[in-house]
Structures are given as C-alpha cells and as structure tokens.
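The values are calculated or read from the model by the stated rules, or taken from the named source; none is laboratory data. Note that the structure is a prediction, hence the values are computed from the model and not measured. Here the Cβ positions follow ideal geometry from the backbone for every residue, glycine too, while neighbour counts run over all protein chains shown.
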Amino acid sequence: MNIGFWACIILVILFAIIGLIFAIFKEKAAKFVSGFNSFSKEEQTLYNKTHISRDIRNQCFIWTIIMLAGALLSYVLTPYMAIPSYIVWLVLFFKEVHFDNHKAFEKYLLK
C-alpha cells in the first residue's frame, strides 16, 4: 500500500470538488469563504464576490495539480514524494492565511 499516493489523491479529490463548486456557483459560492461569511450582508455588498470566488477556484485547482503531481510521483518513484508536494502546498496555503478579515479581503473591495 502506497501511503504517499493515497495521502495526495484524497486531497486531489477534495480540492477538485471544492474548485468545481466555486466554478459552478461563481459569486454565490463566496458565502462559503471563511472570514467573508462573517461580514454582515451590507458589508459583503462592498466586495467583488465574483473575484473572490474566482481566486478561491484558482487556488483549489492549483492545489489539485500540486497534489496530483505528488500522487503520480509517489506512485511511480517512491511514497516519500508526497512530502515535497505537501510542503509546497503548505507554503502556498499559509501564504494566503490572514488573521484580520478586512485585511484579507481588502484587494476585493469595489471601487
């Protein structure tokens, strides 16, 4: 049993599903974004929901590609190839984490 392959392929499926949800529902899916859903309805109208949804969709698809590469390399080479893919994913993930909701979404403010 190749644990590296399975550790990556599970996230491939998860990220692909989330990316598809944001691709299909577009601005309606913005309410599922952590932090944005804590804003009041009036405050949410100040932000470009389409842009938020598109960015989350793109993030999920990039993460899907990274994990798919990790899964394939784990299957073909060695199960330890999952480790670099997780490291790359974690770096990209934590690059997007913000503790202040307003600062996290300031680039999406409508002008």
Need pairs with beta-carbon distance below 6 Å; first residue in contact (Cβ under 8 Å) with a residue 40 or more places away in the chain and within the stretch 1-29, second among the charged types (D, E, K, R); sequence gap 6+ or separate chains. Gly19/Arg57
Whether any residue in the stretch 43-61 is touching a helix residue (DSSP H, G or I) at 6+ places or on another chain (Cβ under 8 Å), surrounded by 14 or more Cβ atoms within 10 Å (Cβ to Cβ), in a loop (DSSP other than H, G, I, E, B) and at pLDDT 90 or above is what I want to check. yes
In the stretch 73-91, the residues that are surrounded by 12 or more Cβ atoms within 10 Å (Cβ to Cβ) and either in contact with a strand residue (DSSP E or B) (Cβ under 9 Å, 6 or more places away or on another chain) or among the aromatic types (Phe, Trp, Tyr) (or both): Tyr75, Tyr86, Trp89
Return only the number of the condition from (1) part of a helix (DSSP H, G or I); (2) closer than 26 Å to Lys107 by Cβ that Ala82 does not satisfy. (2)
